[in-house]
Amino acid sequence: MEQIINFKRMKMKPFLIVAIIVLSLSGFAQENARIKIDLDREIGEIDNKIYGNFVEHLGRCVYGGIYDEDSELSDERGFRLDVLEAVKGLNVTQMRYPGGNFVSNYHWKDGVGPKDERPPRMEMAWSRLETNRFGTNEFMEWAREVGTEPYFAVNMGTGTIEEAQQWVEYCNVAEGPYYAELRKEHGYAEPWGIKYWSLGNEMDGFWQMGHLNAEDYAKKAREAAKLMKLTSPDIKLVAAGSSNYRPDADPNEWNTKILAELRDVVDYLALHMYIGNPDDNYYNYLSTPLVLEERTNIVEGLIAREMENANRGDRDPIYIAWDEYNSWYRARAGESMTGDRALEEHYNLEDALVIAGFLNAFIRNADIVKIANMAQMVNVIAPIFTSEDDMFIQTIYYPLQMFAHNAHGTSLDVFVDSETYTTDEFFVGLGESTTQQDAVPYLDVSASYNNDELIINVVNRHKDEAITTDIISQSGDFDGEITVVEVNGPTVKARNDFDQTEVKSVEKDPVRAKGNTLTYNFPAHSFTQLKAKIK
Ligand code: AHR
């Protein structure tokens with residue numbers, strides 16, 4: 001028969017023939033990857049505050065972003081309505097404000113009272129003129145409109161503990177003392193009731209205005225905390241943990257000292273992480289969420305050690321707040337670092353996959369990570385990008401939106417069996433120390449269970465190949481149709497712009513399992529979210 005391969009004519013060597021026969025007898029097929037899910041294997045409750053974001057007075061995040069008094073797209077308060085809608089679409093549970101590095105030269109009193117009387121100030125973190133036309137009350141009105149929980153940072157750099165106390169009084173005390181009455185004079189009769197406050201920003205960083213060593217920071221933070229709590233006893237406080245992972249820094253030492261000094265006082269330890277792909281190495285870059293997870297695990301251990309000797313009454317232990325995370329490397333030098341157009345990153349598909357990986361890592365560590373804030377909200381390393389008369393949605397918006405809308409309830413400890421790869425040694429973020437990651441699974445998975453609904457989040461890190469996977473429920477058969485939403489694009493460099501959308505979330509045809517097993521083919525370089533019910 002013509003179709004039968006004539007090995008003799010092809011002059012093949014006998015061992016090659018044997019190899020081909022053995023391979024074809026074994027099905028020539030790779031085994032499917034496996035994801036096993038057991039509803040009894042609980043990690044912890046997912047805190048909705050992990051779907052937070054961040055508004056800093058930086059570049060066009062506030063002015064020209066969420067707020068533009070001169071724009072026809074804004075309402076009478078100056079809020080850009082197209083931006084507001086896009087922000088609402090993200091279901092942002094919590095919003096950090098007003099910085100960032102900015103806060104270390106911010107004096108809140110400059111930003112309250114009649115707008116025309118507010119002093120313009122030299123803003124030294126990002127080299128701008130700060131007009132102060134947007135401040136505490138404008139932010140709070142905007143946050144109410146968005147429906148998000150405010151999370152304020154006080155100035156522990158150039159600010160005083162007294163100034164921090166007065167801000168809490170202005171925001172949270174109903175009436176009586178001077179700053180509560182001042183708020184009322186400014187037209188806000190009711191206190192804002194701001195519950196979450198961080199004690200400074202990145203105080204371990206030499207770049208921070210008013211940078212302190214660990215001992216001095218802990219001392220100042222403890223005294224600020226005392227005054228702030230005496231003013232508003234129910235507030236929750238966040239200490240500035242490590243953000244400096246440069247080769248000459250010792251983040252574990254900083255965290256250890258801060259925790260030892262503040263273990264009875266604070267409720268969260270803040271960590272920051274920015275990753276990037278400056279060497280254009282896709283696989284190194286896609287492994288960066290594992291580094292975040294390693295750092296999480298180390299800090300979790302440090303916290304556990306301190307909690308043994310803490311005196312916290314019936315308060316919860318200290319949790320981790322990843323209150324700044326994102327990809328940030330293109331707009332990180334020279335002119336892109338300062339002024340009105342600072343930090344304007346334009347994201348692509350691989351960035352969106354890394355963000356999905358970060359969110360997976362937060363879910364997998366739901367017992368200790370209770371706050372996370374993508375940095376930032378609009379224009380500045382952000383999921384939303386504006387021009388004077390238009391806006392577009394960046395790639396990183398979609399995974400965050402899908403998680404924030406669906407991944408709630410109990411985080412599950414998922415078994416994953418997929419092929420792995422090893423990275424080169426590489427710099428995790430600009431200026432940071434290097435790492436090498438062994439055994440990075442091509443499939444990065446998290447799962448959660450809420451109100452009878454199982455959510456499975458899967459990043460296929462493979463750049464070229466789909467991965468056929470058996471998803472096995474250990475807790476009973478799957479019930480009915482399983483919905484599938486995917487983020488993908490033509491290439492890993494695909495991106496969106498004002499006039500093009502190459503990357504977005506797309507609802508696929510629903511699928512059905514056979515009994516307790518769903519076999520699904522996760523496309524190359526994709527993020528997929530499955531929504532299922534178990535009988
Ligand atoms: O988000 C941009 C900047 O990154 C923040 O202002 C600072 O806290 C961090 O270094």
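The values are calculated or read from the model by the stated rules, or taken from the named source; none is laboratory data. All of these numbers come straight from a predicted model, not from anything done at the bench. Methodologically, a virtual Cβ is constructed for each residue, glycine included, from the backbone with ideal geometry; neighbour enumeration extends over all protein chains shown. Only protein heavy atoms, including side chains, enter the accessible area calculation; ligands, DNA and RNA are left aside. Shrake-Rupley method; radii C 1.70, N 1.55, O 1.52, S 1.80 Å.
LEU23 - would you say it is part of a helix (DSSP H, G or I) and at pLDDT below 95? The answer is yes for LEU23.
Annotation note: of ASP351, ASP323, the sole residue that is within 16 Å of the ligand (Cβ to nearest atom), within 17 Å of VAL459 (Cα to Cα), acidic (Asp, Glu) and modelled with pLDDT of 95 or more is ASP351.
Given GLY135, GLY89, which one is out of contact with any strand residue (DSSP E or B) (no Cβ under 9 Å at 6 or more places or on another chain) and either at pLDDT 95 or above or over 24 Å from ALA189 (Cβ atoms) (or both)?
The match here is GLY135.
Can you find a residue that is among the polar types (S, T, N, Q) and either closer than 19 Å to VAL146 by Cβ or in contact with a helix residue (DSSP H, G or I) (Cβ under 9 Å, 6 or more places away or on another chain) (or both) anywhere in segment 32-41?
no
For segment 172-185, filtered to residues that are of a type outside the set (Lys, Arg) and either in contact with a Phe, Trp or Tyr (Cβ under 7 Å, 6 or more places away or on another chain) or surrounded by 15 or more Cβ atoms within 10 Å (Cβ to Cβ) (or both), the residue that is nearest to GLY113 (Cα to Cα) is LEU182. Can you tell me which residue among ALA342, ALA333 is within 16 Å of the ligand (Cβ to nearest atom), crowded, with 21+ Cβ neighbours inside 10 Å and either hydroxyl-bearing (Ser, Thr, Tyr) or closer than 29 Å to PHE385 by Cα (or both)? Sole residue among the options that is within 16 Å of the ligand (Cβ to nearest atom), crowded, with 21+ Cβ neighbours inside 10 Å and either hydroxyl-bearing (Ser, Thr, Tyr) or closer than 29 Å to PHE385 by Cα (or both): ALA342. Taking the condition of a type in the set (S, T, N, Q), open to solvent by 20 Å² or more (accessible area, probe 1.4 Å) and modelled with pLDDT of 95 or more, does THR148 pass? Criteria not met by THR148. Name every residue in segment 437-464 that is open to solvent by 60 Å² or more (accessible area, probe 1.4 Å) and under 21 Å from THR395 (Cα atoms), in order of residue number. Residues satisfying the conditions are LYS463, ASP464. Among the strands (runs of 3 or more DSSP E) confined to segment 434-535, the ones with at least 1 residues that are free of Cβ contacts under 8 Å to residues at least 24 places away in the same chain are located at 434-436, 504-507. All of (1) touching an Asp or Glu at 6+ places or on another chain (Cβ under 8 Å); (2) within 23 Å of ASP497 (Cβ to Cβ) hold for ASP280 with one exception: (1).
Residue by residue, here is whether (1) open to solvent by less than 10 Å² (accessible area, probe 1.4 Å); (2) away from the ligand (no atom under 16 Å from the Cβ) holds:
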site: PHE358; (1), (2): yes, no
site: ALA366; (1), (2): yes, yes
site: GLN376; (1), (2): yes, no
site: ASP389; (1), (2): no, yes
site: TYR398; (1), (2): no, yes
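So that you can scan it fast, the table gives a plain yes or no per residue for (1) out of contact with any Asp or Glu (no Cβ under 6 Å at 6 or more places or on another chain); (2) closer than 25 Å to PRO399 by Cβ:
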{"position": "ARG34", "(1), (2)": "no, yes"}
{"position": "GLU85", "(1), (2)": "yes, yes"}
{"position": "LYS88", "(1), (2)": "yes, yes"}
{"position": "TYR106", "(1), (2)": "yes, no"}
{"position": "GLY113", "(1), (2)": "yes, no"}
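Note on segment 68-107: among residues that are within 16 Å of the ligand (Cβ to nearest atom) and assigned to a helix (DSSP H, G or I), the one that is farthest from ASN373 (Cα to Cα) is ASN105. Determine whether segment 480-503 contains at least one residue that is of a type outside the set (Val, Ile, Thr), within 15 Å of LYS36 (Cα to Cα) and surrounded by 14 or more Cβ atoms within 10 Å (Cβ to Cβ). No: segment 480-503 contains no residue that is of a type outside the set (Val, Ile, Thr), within 15 Å of LYS36 (Cα to Cα) and surrounded by 14 or more Cβ atoms within 10 Å (Cβ to Cβ). Taken over segment 108-142, residues that are open to solvent by less than 60 Å² (accessible area, probe 1.4 Å) and either more than 16 Å from the ligand (Cβ to nearest atom) or in a helix (DSSP H, G or I) (or both) amount to 19.
With respect to the conditions (1) in contact with a helix residue (DSSP H, G or I) (Cβ under 7 Å, 6 or more places away or on another chain); (2) more than 16 Å from GLY52 (Cβ to Cβ), LYS370 lacks only one, and its number is (2).
Could you check how many residues of segment 260-282 are touching a residue at least 24 places away in the same chain (Cβ under 8 Å), of a type outside the set (Phe, Trp, Tyr) and away from the ligand (no atom under 16 Å from the Cβ)?
Result for segment 260-282: 12.
Every residue, every condition in (1) in contact (Cβ under 8 Å) with a residue 60 or more places away in the chain; (2) buried (at least 23 other Cβ atoms within 10 Å of the Cβ); (3) out of contact with any strand residue (DSSP E or B) (no Cβ under 6 Å at 6 or more places or on another chain); (4) under 19 Å from TYR325 (Cα atoms), yes or no:
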| residue | (1), (2), (3), (4) |
| --- | --- |
| GLY193 | no, no, yes, no |
| ASP204 | no, yes, yes, yes |
| MET209 | yes, no, yes, no |
| LEU212 | no, no, yes, no |
| GLU215 | no, no, yes, no |
| LYS220 | yes, no, yes, no |
| SER232 | yes, no, yes, no |
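The residue list GLY89, GLY44, GLY64 contains one member that is over 23 Å from THR386 (Cβ atoms) and open to solvent by 10 Å² or more (accessible area, probe 1.4 Å), which is GLY44. Can you pull out every residue in segment 308-328 that is in a loop (DSSP other than H, G, I, E, B) and farther than 18 Å from PHE54 by Cα? GLU308, ASN309, ALA310, ASN311, ARG312, GLY313, ASP314, ARG315, ASP316, PRO317, ILE318 - these are the residues of segment 308-328 that are in a loop (DSSP other than H, G, I, E, B) and farther than 18 Å from PHE54 by Cα.
How about segment 259-306: which of its residues are assigned to a helix (DSSP H, G or I), open to solvent by 30 Å² or more (accessible area, probe 1.4 Å) and farther than 20 Å from ASP367 by Cβ? Of everything in segment 259-306, those that are assigned to a helix (DSSP H, G or I), open to solvent by 30 Å² or more (accessible area, probe 1.4 Å) and farther than 20 Å from ASP367 by Cβ turn out to be ALA260, GLU261, TYR283.
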